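Asks: This structure is in structure tokens; I'll ask about it shortly.
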Amino acid sequence: MGSNSYINDKLKDDIGGEGCLTGSVKKEAGGNICILAVETSCDETAAAVVKNGKTVLSNVISSQIELHTVYGGVVPELASRNHIEKINYVIAQALSDADIKVSEIDAVAVTCGPGLVGALLVGVAHAKAFAYALKKPLIGVHHIEGHIAANYIEHDIKPPFLCLVVSGGHTQLAAVKDYTDIEIIGKTCDDAAGEAFDKVARSIGLGYPGGPKIDAEAKKGDPYAIVFPKAKVAKSEYDFSFSGVKSAVLNYLNSVNMRGKAVNTADVAASFQKSVVEVLVEHTVKAAHDYGFKQAAMAGGVAANSLLRETMKKTCDENGIKLYYPSPVYCTDNAAMIGAAAYYDFLNGKRSGLDLNAFPALKLGEKVE
């Protein structure tokens with residue numbers, strides 16, 4: 001059965017009547033809150049149904065890695081077109097896997113920024129259509145808030161805490177004061193850590209995506225073989241800079257090639273990874289101490305890196321800081337994290353209009369009603 005047919009049949013059966021615009025179910029006070037969430041900010045087409053911000057009834061992800069690997073990175077136009085092709089199937093599968101009636105959905109949530117504008121628009125358009133058809137509230141969710149909220153799914157962590165958000169597009173230190181009150185206290189001034197991983201992986205012939213490939217290759221190398229720099233940003237002790245270490249790797253590769261020697265890719269990967277991880281850990285622990293946080297969390301695709309997890313855990317334990325991080329499936333882009341974040345927005349009364357747009361450069365805390 002095609003995805004559109006499945007969705008239309010579900011709407012007719014669960015809500016009643018012909019078409020999508022009839023019927024509504026009133027939520028009883030104190031009842032469960034189920035949110036249909038959509039995520040299309042980059043190159044994953046994802047949908048999920050999340051109950052009470054914690055119980056994941058379904059979490060469907062259609063990855064585009066194979067599509068973009070040949071280009072060495074995400075091609076925005078191809079990503080957008082692929083989202084259009086896959087999104088109905090992904091939503092249909094999420095509803096089917098959740099095994100609940102469409103009428104039990106209390107709100108529809110969607111990533112509205114930041115991200116690739118074309119990709120975001122696909123998700124926003126579909127989420128608006130569902131919210132309109134179901135006569136349910138629409139909630140536009142900030143992508144970074146989603147990553148942070150991934151920690152709520154598997155852990156009992158409660159604000160306040162410090163969160164290191166580290167991915168292909170973002171490297172930020174966030175002070176999570178409350179579920180919907182988050183302040184950025186540190187950020188990258190140039191490349192995000194994940195972006196540096198991708199570029200270094202490509203330069204040593206590992207290909208895309210760079211993060212997991214660097215992680216795997218580094219296990220075979222000596223992290224002390226090459227000393228790469230660890231940048232500090234003057235007068236911004238919690239900010240990051242990774243363009244320097246990326247350039248240092250490229251310069252090292254050029255110098256080795258010019259001398260006619262072979263490059264030990266495992267040593268390069270291990271040494272580069274060590275340099276980046278040490279900076280991430282040092283900044284996080286310092287910020288936790290300076291701001292008085294006894295809890296720290298990690299989020300984003302790079303939070304799945306094995307050395308980062310190991311080093312951060314060891315250092316946090318040594319400094320009396322309780323560390324949390326999601327399972328790898330919730331580190332990379334997914335819709336379950338968007339549903340988790342939307343739950344707290346829903347309780348806080350946040351609602352978006354059907355004129356909700358995509359905001360590719362959306363800042364944390366910026367209103368998108």
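Asks: Can you give me the ranges of the strands (runs of 3 or more DSSP E) entirely in the stretch 156-208 with at least 2 residues that are touching a Gly at 6+ places or on another chain (Cβ under 9 Å) and under 21 Å from Met312 (Cα atoms)?
Replies: Passing ranges, in order: 161-166, 171-178.
Asks: In the stretch 70-114, how many residues are of a type in the set (Asp, Glu) and part of a helix (DSSP H, G or I)?
Replies: Residues flagged as of a type in the set (Asp, Glu) and part of a helix (DSSP H, G or I) within the stretch 70-114 amount to 4.
Asks: Only one residue in Met312, Met258 is under 25 Å from Lys220 (Cα atoms), crowded, with 19+ Cβ neighbours inside 10 Å and either in contact (Cβ under 8 Å) with a residue 24 or more places away in the chain or not aromatic (Phe, Trp, Tyr) (or both). Which one?
Replies: Met312 is the lone residue from the list that is under 25 Å from Lys220 (Cα atoms), crowded, with 19+ Cβ neighbours inside 10 Å and either in contact (Cβ under 8 Å) with a residue 24 or more places away in the chain or not aromatic (Phe, Trp, Tyr) (or both).
Asks: Another question, then. Is it true that Leu67 is among the hydrophobic types (A, V, I, L, M, F, W, C) and not in a strand (DSSP E or B)?
Replies: yes
Asks: Examine the stretch 311-327 for a residue that is of a type in the set (Asp, Glu), in the same structural domain as Ile204 (by TED's automatic domain parsing) and more than 22 Å from Glu154 (Cα to Cα), and state whether such a residue exists.
Replies: Yes, the stretch 311-327 contains a residue that is of a type in the set (Asp, Glu), in the same structural domain as Ile204 (by TED's automatic domain parsing) and more than 22 Å from Glu154 (Cα to Cα).
Asks: If a residue has to be exposed (fewer than 15 other Cβ atoms within 10 Å of the Cβ) and more than 21 Å from the chain's Cα centre (by Cα) to count, how many in the stretch 57-95 make the cut?
Replies: Going through the stretch 57-95 one residue at a time, the tally reaches 3.
Asks: Follow-up. Can you pull out the residues in the stretch 212-234 that are among the small types (Gly, Ala, Ser), modelled with pLDDT under 95 and within 17 Å of Val277 (Cβ to Cβ)?
Replies: Answer for the stretch 212-234, where residues must be among the small types (Gly, Ala, Ser), modelled with pLDDT under 95 and within 17 Å of Val277 (Cβ to Cβ): just Ala231.
Residues checked against (1) more than 30 Å from Asn52 (Cβ to Cβ); (2) crowded, with 21+ Cβ neighbours inside 10 Å; (3) at pLDDT below 95; (4) touching a Leu at 6+ places or on another chain (Cβ under 9 Å):
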position	(1), (2), (3), (4)
Ser236	yes, no, yes, no
Gln273	yes, yes, no, yes
Ala288	no, yes, no, yes
Asn334	no, yes, no, no
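The values are calculated or read from the model by the stated rules, or taken from the named source; none is laboratory data. Just so we're clear, the structure is a prediction, and the values are computed from it rather than from any experiment. Here Cβ is always computed from backbone atoms with ideal geometry, including for glycine, and neighbour counts include all displayed protein chains.
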